[in-house]
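S.K.: Quick one: the structure is below, questions incoming.
Read-outs throughout are calculated quantities, based only on the coordinates presented, and are distinct from any laboratory measurement. Computed from a predicted model, the values in this text were never measured in an experiment. Backbone-built Cβ (ideal geometry, glycine too); neighbour counts: all protein chains shown.
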Amino acid sequence: MSVELVALAVLMGAVTYPSRALPLLLPGIEHLTDSVHAYLRLIGPAILASLAAVNVLVLVAPDGAAQLHLGIETLAVMVCVGVMAWRRNLLLGLLAAMALVAVARAAGLAG
């Protein structure tokens, strides 16, 4: 583990702390409308989804250029989302996606 990664983790904690501590920092937050509460609850999942999308869909070439990548991981994400929408169960969606990737890699279809 490098020192740069520790510094990055500390920086990310400092950046994300205000959104997680919003109820503590703003004493009147319970008086906000329901739509504002719904928006604030979805900020974290939206950020995580965008980070996951970049990790699945973007490959960085050895020369540093970003490239769009549509591989087994992309299909696994679509399977996960589909199973989640169908069964309303995140764990089942994740298990289906992991099984798809494991089978594809075992069969030599993915690296």
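S.K.: For the chain, what does -39500 (n - 2.57) per DSSP helix run (n ≥ 4), summed and divided by total residues, give at 222 nm, in deg cm²/dmol to the nearest 500?
M.R.: The helix contribution divided over the chain gives -23500 deg cm²/dmol.
S.K.: Also, quick follow-up: Between (i) 69; (ii) 66; (iii) 44, which entry matches percent of Cα pairs over 18 Å apart as derived from the coordinates of this structure?
M.R.: Given (i) 69; (ii) 66; (iii) 44, the structure-derived one carries the label (i).
S.K.: In whole Hz and in residue order, list the ³J(HN,Hα) couplings for the stretch 72-88 that follow from phi through the Karplus curve 6.51 cos²θ - 1.76 cosθ + 1.60, θ = phi - 60°; x for Gly and Pro.
M.R.: 5, 5, 5, 4, 5, 5, 5, 5, 4, 5, x, 5, 4, 5, 6, 9, 6
S.K.: Given Cα pairs under 8 Å that are at least 6 residues apart, what percent is the relative contact order of the chain?
M.R.: Relative contact order of the chain: 13 percent.
S.K.: What's the angle, to the nearest 10 degrees (0 to 90), between helix 34-57's Cα axis and the longest principal axis of the chain?
M.R.: Result, in degrees: 30.
S.K.: Which angle from 0 to 90°, rounded to the nearest 10, does the C-alpha axis of helix 90-106 make with the longest principal axis of the chain?
M.R.: Rounded to the nearest ten degrees, it is 30.
S.K.: Shifting gears a bit: Let's test the formula: R0 of 30 Å, r as the Cβ-Cβ distance of residue 4 and residue 65. What FRET efficiency results, to the nearest 0.05?
M.R.: 0.85
S.K.: Return the FRET efficiency for the residue pair residue 24, residue 95: r is the Cβ-Cβ distance, R0 is 25 Å, and the value is rounded to the nearest 0.05.
M.R.: It comes out at approximately 0.10.
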